[in-house]
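The values are calculated or read from the model by the stated rules, or taken from the named source; none is laboratory data. Please read all numbers here as calculations on a predicted model, not as lab measurements. Every residue, glycine among them, receives a Cβ derived from its backbone with ideal geometry; neighbour counts consider all protein chains shown.
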Amino acid sequence: MNRVLILGTGLIGTSIALALRAQDKQVLLADRDLTSVRLARELGAGEEWHYDQKVDLAVIAVPPAHVASELKGLQARGVARFYTDVASVKAEPIARARELGCDMTAYVASHPLAGREKSGPGAARGDLFLGRPWALCPTPETSPEVLNEVLHLVKLCGANPVEVGAEEHDRAVAVVSHAPHVAASAVAARLAEAPDVALGLAGQGVRDVTRIAGSDPGLWLGILSGNARPVAEVLDAVARDLAEAAEALRHLAEGDQSAAGQVTELLRRGVAGHGRIPGKHGGPAARYGVVQVVIGDRPGQLARLFQVCEEVGVNVEDVRLEHAPGLPLGMAELSVQPDAVGVLTKALHERGWQVP
């Protein structure tokens, strides 16, 4: 794989290009939006593609509804030896590609499970895929050569390949990505008309729940449209849980304490589901201790805090920041191994940090 075409210079396409450029691969860029191509070029993602240029691999990084037509057009011109796409829906583009008569032997559908709430080439990062799963959905027609070529692409980007059927993939992402996005948007929509006093009381919890709701609605409409039925089934199940919880809470408000069990059961199921989310290295999520530290909102504070961790040999497994509204400070929560909590707390106290 010496020369790669990236068709679509959005977040995912440009991030792939940056990852490949870091591996000294020649990358050519194309997009209907020439401004997007120029920005990707300025970021060092590659050079603009000219129609007479041939490549080893073409990566189609466009919305699901346009994958098949772009594949057909590229194959008609003999642009590449092999083809893949990176749309977040797989069954519909594959079916449409067959309908259009695309050469399915030279194409394998794929999907990197990575992203950000921001979009466009300006949000791209060459390390976006490091350690992330990357689904490969070969069909019976897929040749071993194209599968190996795309496996090589995945490894160059630092991701972990996962082979899965297209329909199974779509059902899976409906649960772990698409339906959660709609649910987050539904919660965030309540804030649009919330009184100012409510927003003034907003804490980290509502920010965590609604973070992904800030993504581009047009982009997400295309994703949801391509996976509509599986997403609808998940949302139906979520809606049933919410409706039952709302009814139980009404009974609680009326003094019927027997309804508490129904609410508790949903919360318990939530804890169980959350516990199944894989940890940072895959497998079961690890249990960490948390050290809270008051930190000033000024340059160098995080660096000083991490320096203490290095001095006492404590690895920070995760970190999150919560700002104090109206004050130039916040709270840093450092997740560390449980046996390191005491060591780090003592060291921070000795160095003048405020540890609640």
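Being in a strand (DSSP E or B) and within 28 Å of the chain's Cα centre (by Cα) is the filter here, so list the residues in the stretch 330-356 that pass it. Before the answer, list the steps.
Looking only at the stretch 330-356, we keep the residues that are in a strand (DSSP E or B), and these are 330-336, 354.
Within the stretch 330-356, GLY330, MET331, ALA332, GLU333, LEU334, SER335, VAL336 qualify.
Once the stretch 143-175 is narrowed to residues that are touching a residue at least 24 places away in the same chain (Cβ under 8 Å) and over 23 Å from ALA19 (Cβ atoms), the residue that is surrounded by the fewest Cβ atoms within 10 Å (Cβ to Cβ) is GLU167.
Tell me the residue from ALA239, ALA243 that is exposed (fewer than 14 other Cβ atoms within 10 Å of the Cβ), in a helix (DSSP H, G or I), more than 24 Å from the chain's Cα centre (by Cα) and not assigned by TED's automatic domain parsing to the domain that holds ARG116, please. Even if it seems obvious, please write down each step before you answer.
Details: ALA239 fails: more than 24 Å from the chain's Cα centre (by Cα).
Being exposed (fewer than 14 other Cβ atoms within 10 Å of the Cβ), in a helix (DSSP H, G or I), more than 24 Å from the chain's Cα centre (by Cα) and not assigned by TED's automatic domain parsing to the domain that holds ARG116 holds for just one of ALA239, ALA243, which is ALA243.
One residue alone among PRO278, PRO299, PRO230 is outside any strand (DSSP E or B), in contact with an Asp or Glu (Cβ under 7 Å, 6 or more places away or on another chain) and on the phi < 0 side of the Ramachandran plot, and that residue is PRO230.
Among the residues of the stretch 306-356, just one is among the polar types (S, T, N, Q) and under 10 Å from ILE295 (Cβ atoms), namely GLN354.
Answer with yes or no whether VAL27 is over 17 Å from VAL67 (Cβ atoms), of a type in the set (A, V, I, L, M) and assigned to a helix (DSSP H, G or I). Steps first, please.
Details: over 17 Å from VAL67 (Cβ atoms): yes; of a type in the set (A, V, I, L, M): yes; assigned to a helix (DSSP H, G or I): no.
No, not satisfied.
Just checking, does the stretch 332-351 include any residue being touching a residue at least 24 places away in the same chain (Cβ under 8 Å), touching a helix residue (DSSP H, G or I) at 6+ places or on another chain (Cβ under 7 Å) and surrounded by fewer than 15 Cβ atoms within 10 Å (Cβ to Cβ)? Yes, some residue in the stretch 332-351 is touching a residue at least 24 places away in the same chain (Cβ under 8 Å), touching a helix residue (DSSP H, G or I) at 6+ places or on another chain (Cβ under 7 Å) and surrounded by fewer than 15 Cβ atoms within 10 Å (Cβ to Cβ).
Matching residues to (1) of a type in the set (Lys, Arg); (2) over 24 Å from LEU321 (Cα atoms); (3) at pLDDT below 95:
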| site | (1), (2), (3) |
| --- | --- |
| SER185 | no, no, no |
| GLY205 | no, no, yes |
| VAL209 | no, no, yes |
| GLY218 | no, yes, yes |
| LEU221 | no, yes, yes |
| GLY226 | no, yes, yes |
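Among the residues of the stretch 32-50, is any aliphatic (A, V, I, L, M), in the same structural domain as GLY13 (by TED's automatic domain parsing), within 23 Å of the chain's Cα centre (by Cα) and surrounded by fewer than 22 Cβ atoms within 10 Å (Cβ to Cβ)? Working first, answer last.
The initial filter retains those residues of the stretch 32-50 that are aliphatic (A, V, I, L, M), namely 34, 37, 39-40, 43, 45.
Still in the list and also in the same structural domain as GLY13 (by TED's automatic domain parsing): 34, 37, 39-40, 43, 45.
Remaining after also requiring within 23 Å of the chain's Cα centre (by Cα): 37, 39-40, 43, 45.
Narrowing further to those that are surrounded by fewer than 22 Cβ atoms within 10 Å (Cβ to Cβ): 39, 43.
The answer is yes, given that some residue of the stretch 32-50 is aliphatic (A, V, I, L, M), in the same structural domain as GLY13 (by TED's automatic domain parsing), within 23 Å of the chain's Cα centre (by Cα) and surrounded by fewer than 22 Cβ atoms within 10 Å (Cβ to Cβ).
Can you tell me which residue among LEU153, LEU147, LEU224 is assigned to a helix (DSSP H, G or I), out of contact with any Leu (no Cβ under 8 Å at 6 or more places or on another chain) and closer than 26 Å to ALA109 by Cβ? Just a single option satisfies the conditions, and that option is LEU224.
Looking across the stretch 236-259, just one residue is modelled with pLDDT under 95 and touching a Leu at 6+ places or on another chain (Cβ under 8 Å), and that is ALA259.
The rows are residues; the columns are (1) in contact with a Leu (Cβ under 8 Å, 6 or more places away or on another chain); (2) modelled with pLDDT under 95.
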site	(1), (2)
ALA97	yes, no
GLY101	no, no
TYR107	yes, no
HIS111	no, no
SER119	yes, yes
GLY122	yes, yes
CYS137	no, no
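In the stretch 51-84, the qualifying residues are those that are over 19 Å from LEU153 (Cα atoms) and among the basic types (Lys, Arg), and the one that is surrounded by the fewest Cβ atoms within 10 Å (Cβ to Cβ) is ARG77.
The set of residues in the stretch 30-60 that are small (Gly, Ala, Ser) and assigned to a strand (DSSP E or B) comprises ALA30, ALA58.
If a residue has to be within 26 Å of the chain's Cα centre (by Cα) and of a type outside the set (Ser, Thr, Tyr) to count, how many in the stretch 63-81 make the cut? First the steps, then the outcome.
Within the stretch 63-81, the subset within 26 Å of the chain's Cα centre (by Cα) is 63-71.
Narrowing further to those that are of a type outside the set (Ser, Thr, Tyr): 63-68, 70-71.
Matching residues across the stretch 63-81 total 8.
Being in contact (Cβ under 8 Å) with a residue 40 or more places away in the chain and assigned to a loop (DSSP other than H, G, I, E, B) is the filter here; which residues of the stretch 4-24 pass it? If the condition is that a residue be in contact (Cβ under 8 Å) with a residue 40 or more places away in the chain and assigned to a loop (DSSP other than H, G, I, E, B), then GLY8, THR9, GLY10, GLN23 are the ones that fit.
Of a type in the set (Asp, Glu) and in contact with a Pro (Cβ under 9 Å, 6 or more places away or on another chain): does that describe ASP256?
On the way: of a type in the set (Asp, Glu): yes; in contact with a Pro (Cβ under 9 Å, 6 or more places away or on another chain): no.
Spelling it out, it is not the case that ASP256 is of a type in the set (Asp, Glu) and in contact with a Pro (Cβ under 9 Å, 6 or more places away or on another chain).
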